[in-house]
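Visitor: If you scroll down you'll find the structure; I have some questions about it.
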């Protein structure tokens, strides 16, 4: 098979992703060989809600913001997906319209694994279908936790759970000790939790004062994961 010039770049992104790095080297090679790189400008609408998903996207750099706007103009942000994460798996497999709008946050590059070729590879190697099933199960579990956290618990706990859930969705190890830096704004966090930016800001400031995180420009860094897990509660993220 003739490999595209961007093969090595895509292969490196897959190997670095917690969602894919456990695959055999040959499987990573085969996946990377299917991909092509798509560059997205900051704030560009990359996918419109209801459109057909062309394939599986692997975020290589930058960030994808998944959101919808209600008929009354109220926005809800589902996730901010950073490098190593993926988008479009469920919609691609079902060959249905995507459930959210997707905007690029900052200059963003994604590897696009084309639908038909990817399905053919999965059919050829059933072990990859098992891997896909595990990815979908993890996303479903996180989605259920997010639904719970939007409506229950004090705001401080909800904010921390959402940040840790966001980190997990992006493939970070929230059970570890290494700081985690995420591309997310306070306004987006408020949209995720169904509350105002000012309330989120006050909660984040107190967490920052306690040394658990650091607020940056369009970023939030999780510094003390052990204490953040304690705030989230054992039922959310067991130590």
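We did not get these values from a lab; they are worked out from the coordinates using the rules stated. Being a predicted model, the structure only gives us computed values, none of them experimental. Every residue, glycine as well, gets a Cβ built from its backbone with ideal geometry; the counts of neighbours run over all protein chains shown.
Visitor: For segment 47-68, how many residues meet the condition of being buried (at least 18 other Cβ atoms within 10 Å of the Cβ) and in contact with a strand residue (DSSP E or B) (Cβ under 6 Å, 6 or more places away or on another chain)?
Guide: 13
Visitor: Got a sec? Which helices (runs of 4 or more DSSP H) wholly within segment 122-214 have at least 1 residues that are in contact with a strand residue (DSSP E or B) (Cβ under 6 Å, 6 or more places away or on another chain)?
Guide: In segment 122-214, the matching helices (runs of 4 or more DSSP H) lie at 155-169, 186-193, 197-209.
Visitor: Right, next: Can you tell which of 89, 28, 8 is in contact with a helix residue (DSSP H, G or I) (Cβ under 9 Å, 6 or more places away or on another chain), more than 12 Å from residue 109 (Cα to Cα) and touching a residue at least 40 places away in the same chain (Cβ under 8 Å)?
Guide: From the options 89, 28, 8, the qualifying one is 89.
Visitor: Any chance you could count how many residues in segment 107-126 are exposed (fewer than 14 other Cβ atoms within 10 Å of the Cβ) and free of Cβ contacts under 8 Å to residues at least 24 places away in the same chain?
Guide: 5
Visitor: Among the candidates 40, 28, 34, single out the residue that is over 18 Å from residue 183 (Cα atoms), buried (at least 19 other Cβ atoms within 10 Å of the Cβ) and in contact with a strand residue (DSSP E or B) (Cβ under 9 Å, 6 or more places away or on another chain).
Guide: 34
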